[in-house]
Ligand code: HSE
């Protein structure tokens, strides 16, 4: 049988890895797929770069639409990124009857409903293993491996840039801005790292996982997103003293009221495996009712790790090539006519526990007042740590840090009591609130 012909849009880092791995492992990939897989055409505005990546015998063009229009191309790989031209090209490829493989989490988290519906109507696949956690086969695990389970929750470190920054802040006691500069110097963080550090990239990824886990449409606009830009080195230190590490987690959870969908820095007990995922690595913990807790760990970015996921999708599509659309694995695990209307909860309805740091006047009655307001609101305290005033503000200081860990509470209730606490004259700086996930 003649090889499946693939067209690649965007010959950057992942495209180059895809060529290398396909070439290196072509015999084994062919034995697994049942047919050879060949990239025969590449589109990139930088044609010199594309020629270097593609090597001999591959047609290089500047216009992606030439790839889409080529009737010999069976599968289009979209590695352009973003919501702009990438969206048009993916929809055009679908309309032309091509299967699509993409690493574009932003596109699918925001426009997935439209794109999956178009693919379903046309009977083609849009495969996106590379869009979440790079080389970790988490989409396949959620959509197929765990298909027997009612998934209860999942939590992941799904952005390597921010995990690298947090690891460095903890190891070296440095502040955020200093480590970000270092991450940019080392090439981990982009020149414009906004999507990474503001939690948007992790938000895109957890939105996709949430849809697959719970059979709901992708709803990035309903996700609560906080990044790591406001994290202070001292909170990382205090958390450590209390037996926790701070990680940027993407969390989605099924509750009786709806689905929690959120990204924010979280205290995680140091003894949990997730707390020990360091540097640019990714990991996702999934809890299913039958299997219990499972952990997936690996490289979340990079040329060959991401290519590993892209090629897995190429093999899947090659295997499915003769199956009709109705018998393929559904894009979001659940059949389109069997999606749930379970609502995504507003952040005020989320229930979790909290780390609170209050810079207070070191006076009699302050601790009693603070704990009294928490008690009145029905918020139970798990632990309290008070630093020596001298340690916090230098010799003779009249201020100190009061750190409180709470048990589970409703976010809306916590917001109200934080407003009351903030108004106290003895609370001297904006209160720091970081959510805490026991993951047990
Ligand atoms: N920018 C992402 C990260 C990699 O830092 O993890 C691609 O998703």
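The values are calculated or read from the model by the stated rules, or taken from the named source; none is laboratory data. Since the structure is predicted, the reported quantities are computational estimates derived from the model, not experimental observations. Cβ atoms come from the backbone with ideal geometry, glycine included; neighbour counts cover every protein chain shown.
Some values worked out for this structure:
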{"quantity": "Residues (closer than 12 Å to residue 158 by Cβ, touching a strand residue (DSSP E or B) at 6+ places or on another chain (Cβ under 6 Å) and either surrounded by fewer than 20 Cβ atoms within 10 Å (Cβ to Cβ) or at pLDDT 95 or above (or both)) located in the stretch 287-313", "calculated": "296, 297"}
{"quantity": "Number of positions in the stretch 237-259 that are away from the ligand (no atom under 16 Å from the Cβ) and crowded, with 23+ Cβ neighbours inside 10 Å", "calculated": "6"}
{"quantity": "Scope the stretch 132-154; condition within 16 Å of the ligand (Cβ to nearest atom) and outside any helix (DSSP H, G or I); matching residues", "calculated": "132, 133, 134, 135, 136, 137"}
{"quantity": "Those residues of the stretch 215-257 which are in a loop (DSSP other than H, G, I, E, B), under 16 Å from the mean Cα position of the chain (by Cα) and farther than 23 Å from residue 358 by Cα, in sequence order", "calculated": "218, 219, 223"}
{"quantity": "Selected residue [assigned by TED's automatic domain parsing to the domain that holds residue 33 and without any contact (Cβ under 8 Å) to a residue 60 or more places away in the chain] from 371, 322", "calculated": "322"}
{"quantity": "Per-region count, the stretch 155-188, residues touching a residue at least 60 places away in the same chain (Cβ under 8 Å), part of a loop (DSSP other than H, G, I, E, B) and within 16 Å of the ligand (Cβ to nearest atom)", "calculated": "3"}
{"quantity": "Strands (runs of 3 or more DSSP E) completely within the stretch 37-122 that count 3 or more residues being buried (at least 19 other Cβ atoms within 10 Å of the Cβ) and at pLDDT 95 or above", "calculated": "37-43, 75-78, 99-102"}
{"quantity": "Whichever residue in the stretch 90-103 is more than 20 Å from residue 3 (Cβ to Cβ) and touching a strand residue (DSSP E or B) at 6+ places or on another chain (Cβ under 6 Å) and, among such residues, is nearest to the ligand (Cβ to nearest atom)", "calculated": "102"}
{"quantity": "Verdict on residue 191 being surrounded by fewer than 22 Cβ atoms within 10 Å (Cβ to Cβ) and either within 15 Å of the ligand (Cβ to nearest atom) or in a helix (DSSP H, G or I) (or both)", "calculated": "yes"}
{"quantity": "Selection count, the stretch 422-440, where residues are touching a helix residue (DSSP H, G or I) at 6+ places or on another chain (Cβ under 9 Å) and either more than 29 Å from residue 253 (Cα to Cα) or loosely packed, with under 14 Cβ neighbours inside 10 Å (or both)", "calculated": "4"}
{"quantity": "Hits in the stretch 1-36 (condition: assigned to a loop (DSSP other than H, G, I, E, B), in contact with a helix residue (DSSP H, G or I) (Cβ under 9 Å, 6 or more places away or on another chain) and closer than 23 Å to residue 70 by Cα)", "calculated": "3, 10, 11, 12, 35, 36"}
{"quantity": "Candidate set: the stretch 378-411, residues that are surrounded by 15 or more Cβ atoms within 10 Å (Cβ to Cβ) and in a loop (DSSP other than H, G, I, E, B); chosen: the one modelled with the highest pLDDT", "calculated": "379"}
{"quantity": "Selection from the stretch 343-377 of residues that are modelled with pLDDT of 95 or more, assigned to a loop (DSSP other than H, G, I, E, B) and in contact with a helix residue (DSSP H, G or I) (Cβ under 7 Å, 6 or more places away or on another chain)", "calculated": "350, 377"}
{"quantity": "Any hit, the stretch 298-308, residues being without any contact (Cβ under 8 Å) to a residue 12 or more places away in the chain and in the same structural domain as residue 12 (by TED's automatic domain parsing)", "calculated": "no"}
